[in-house]
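Single-structure report; data block below.
The values are calculated or read from the model by the stated rules, or taken from the named source; none is laboratory data. It should be emphasised that the depicted structure is a prediction, and the values quoted were computed from it without experimental measurement. Reconstructed Cβ throughout: ideal geometry from the backbone, glycine too, with neighbour counts over all protein chains shown.
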Amino acid sequence: MKPEDVRVCVIRIEGTNCEDEMAYAFEDVGARAEKVHLKQLIKQAPAGLCRDLEDYDVLAVPGGFSAGDYVRAGAIFGARIKAGLGSEIKRFVESGKPVLGVCNGFQILVEMGLLPAFEGTMSESPSAALYNNDSGRFECRPTVLRNDSRGKCVFASSIPSSKLLAIPSAHAEGKLLSADPDFVNRLEDNDQIVFRYVCPDGSDAEYPWNPNGSQSDIAGICNPAGNVLGMMPHPERAMTRYTHADWTRNFPSEEGDGRIIFESVMNYLSKK
């Protein structure tokens, strides 16, 4: 598949506010991105505006505060997607098509049961959640991620093992937890831990480098198949050097650290 043939659906509802950056990020690596309201996909829009999920090659769930983050962050949007598109989403994932959820998008994928998905493509109820940050406040700050994927995740397929990426975070509920006492071990065994927060020198993170207190410093996980990624930091906000916090300090190239995540999925699709 050629880059210009890749169609990306950036799904949104009231309260999402990162759809422009997400669409730009995919367009910057050659794809065609369209910002699509949920009502267009569930046929609650005029006929000429309706869309079919199966016509897209990638689904991206952007950040923001969907439906005001009432109940829990991402809970309402996740429930609405699952109710209106559940079977289509399941087919989309099972066909191997990539799904990316960033920040609120990560919260939504967890609420839908698409992550961690230990028991199948999409569990009936969430088996994990993104809880309030340990600091008890919204954290908007630079973070450093280490690629801990061992090769499964398509969104990290072009990233060298253990490479550090400077990616900004901005969230109030990013602490990944589960009632399952073996949660982290299961993720490790399945090669589902993609990114961890670390200090700038690569050592284990402490606050503020882990901005939320997530177990095992987890910043992003994938499903067992590797084609669904959820992460709290925002790679779409670091596509060029100029949006990095330290962009004036001997930056090695014009490219930002977030770009390689989008290049990875495009490289994966180029082999289709």
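Residues that are of a type in the set (Val, Ile, Thr), surrounded by fewer than 24 Cβ atoms within 10 Å (Cβ to Cβ) and either modelled with pLDDT of 95 or more or more than 14 Å from LEU130 (Cβ to Cβ) (or both) within region 69-88 comprise just one, ILE76. Looking at region 180-272, the strands (runs of 3 or more DSSP E) lying wholly inside it that each contain 1 or more residues that are among the basic types (Lys, Arg) and within 16 Å of LEU145 (Cβ to Cβ) sit at 193-198.
Candidates are the residues of region 96-150 that are surrounded by fewer than 21 Cβ atoms within 10 Å (Cβ to Cβ), touching a Phe, Trp or Tyr at 6+ places or on another chain (Cβ under 8 Å) and among the hydroxyl-bearing types (Ser, Thr, Tyr); the one that is modelled with the lowest pLDDT is SER127.
Residue-level check: of (1) closer than 19 Å to GLY63 by Cα; (2) in contact with a Pro (Cβ under 9 Å, 6 or more places away or on another chain); (3) assigned to a loop (DSSP other than H, G, I, E, B), ALA166 misses just (3). Annotation: of all residues in region 1-15 being in a strand (DSSP E or B) and touching a Phe, Trp or Tyr at 6+ places or on another chain (Cβ under 8 Å), the one that is surrounded by the fewest Cβ atoms within 10 Å (Cβ to Cβ) is ARG7.
The residue that is modelled with the highest pLDDT, among those in region 56-68 that are surrounded by 19 or more Cβ atoms within 10 Å (Cβ to Cβ) and in a helix (DSSP H, G or I), is SER66.
Among what's in region 76-106 and is in a helix (DSSP H, G or I) and among the charged types (D, E, K, R), pick the residue that is farthest from TYR56 (Cα to Cα). It comes out as ARG80.
Answer yes if at least one residue in region 217-240 is over 30 Å from ARG72 (Cα atoms) and surrounded by fewer than 19 Cβ atoms within 10 Å (Cβ to Cβ), and no otherwise.
We begin by selecting, within region 217-240, every residue over 30 Å from ARG72 (Cα atoms); these are 240.
Retained after the next criterion (residues that are surrounded by fewer than 19 Cβ atoms within 10 Å (Cβ to Cβ)): 240.
Checking region 217-240: at least one residue is over 30 Å from ARG72 (Cα atoms) and surrounded by fewer than 19 Cβ atoms within 10 Å (Cβ to Cβ).
When the residues of region 28-55 are filtered to those that are farther than 23 Å from GLY15 by Cα and assigned to a loop (DSSP other than H, G, I, E, B), the one that is farthest from the chain's Cα centre (by Cα) is GLY30.
For region 216-264, a residue qualifies if it is acidic (Asp, Glu) and closer than 16 Å to ILE108 by Cβ, and exactly one does: GLU236. Residue count for region 132-163 satisfying the condition of being more than 22 Å from GLN192 (Cβ to Cβ), charged (D, E, K, R) and assigned to a loop (DSSP other than H, G, I, E, B): 2.
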